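The values are calculated or read from the model by the stated rules, or taken from the named source; none is laboratory data. Quick caveat, the model's predicted, so the values are computed rather than measured. Cβ placement follows ideal geometry from the backbone for every residue including glycine, while neighbour counts extend to all protein chains displayed. For the accessible areas, the whole protein counts, side chains as well, though only heavy atoms, and no ligand, DNA or RNA atoms are used. Shrake-Rupley method; radii C 1.70, N 1.55, O 1.52, S 1.80 Å.
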Amino acid sequence: MTGENREYAKTLAESGTVLPPILVHRSTRRIIDGTHRCRAALLRGQTHIEVSYFDGDERDAFVLAVQMNAKNGLPLSLADRRNAALRIIRSHPHWSDRRIATVTGLSGRTVASLRLCSGAEVAHLNTRVGFDGRTYPVNGEGARKLAAEFLTENPGASLREVARAAGLSPATAKKVRDSMRSGELPVVPEPGSRSTGDLVESADPLVDLHRLRLDPAVRFNESSRILLRLLNFQLADTELDRIAAGLPPHCLSTVVGLARSYAKVWLRFAQTVDGRTAS
């Protein structure tokens, strides 16, 4: 991606605004989000700046950098966005085109074209993971079935919501909805499918956590700060896999029991908070 824009950093330094914390990849000490804020602080003569740390691997750090740039930084050029999409396609081949498109600010069709042009460098999978964290088949028939199931469970959902959930275009989602209304495509949800009352996972925990860190209402609230400290200990899946592989055999059952107990505590907490959103 293009480098630092010194004029923008100078403008930021002269603005007098309080600089939010920068986001740094802990293991490499590289700035994920906040290069211009760091430069602005130097131009102001500051020797310190507030930092939040990210503990995932470099692949996820790059994805987060692209996402945060779209929200906080200067807009990326089309070439930068295309290059970012290609890199994410290679590092996250299981992600859907629409998920990568949302991260990079491209269209799903453009990402699909880039995926095809990548050729043998990209793993060809039968399923992909959407932005909602659910796994979808690559073929269109399966995606249309998922759209029908989503509409059955969420009859009031907008076409955009259906399209995003199933990995379809809004136009195709409309065709599925029209077919269902005319009785051409009856779909009954499979046993165990998610109902509208179930808890929904965060689409992107890393971005959501960073948002919480930057929220003044959270940062200056004692209870919320305790929560942030607890959430900061959440490790990436790859780190947890490495920890699991390195555990001494004699303590495995103990760790399993503790992990399950803590998972139950967090689930009760999520249900309590979810109850407040419904009240």
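When only the heavy atoms of the protein chains count and the probe is 1.4 Å, how do V162, V51 rank by accessible area, highest first? Write down the numbers at each step before the final one.
On the way: V162 0, V51 50 Å².
Sorted by accessible area, descending: V51, V162.
Which FRET efficiency value, to the nearest 0.05, is calculated for T254 and S179 with the Förster distance at 35 angstrom and r the Cβ-Cβ distance?
Working: r = 54 Å, r/R0 = 1.53.
Efficiency for this residue pair is about 0.05.
If you filter the stretch 13-91 for GluC sites (Glu not before Pro), then keep DSSP loop positions with at most 11 other Cβ within 10 Å, what is left?
Details: sites: E14, E50, E58; in loops: E50.
For GluC sites (Glu not before Pro) across the stretch 13-91 that sit outside H, G, I, E and B with at most 11 neighbouring Cβ atoms in 10 Å, the list is empty.
In whole Å, what are the extents of the stretch 1-54 along the principal axes defined by its C-alpha atoms, from largest to smallest?
The Cα atoms of the stretch 1-54 stretch 31, 25, 15 Å along their principal axes.
Under 5 Å between amide H atoms, partner at least 5 residues away or on a different chain: which partners does F54 have, H built in plane at 1.01 Å?
V24, H25, R26
For E14 paired with A79, estimate the spin-label separation in nm (one decimal), with each label point 7 Å from Cα along the Cα-to-Cβ line.
Label at E14, label at A79, 2.9 nm between them.
Send over a whole-number figure in Å² for the accessible area per residue of the stretch 1-110, probe 1.4 Å.
On the way: 5940 Å² over 110 residues.
Averaged over the residues of the stretch 1-110, the accessible area is 54 Å².
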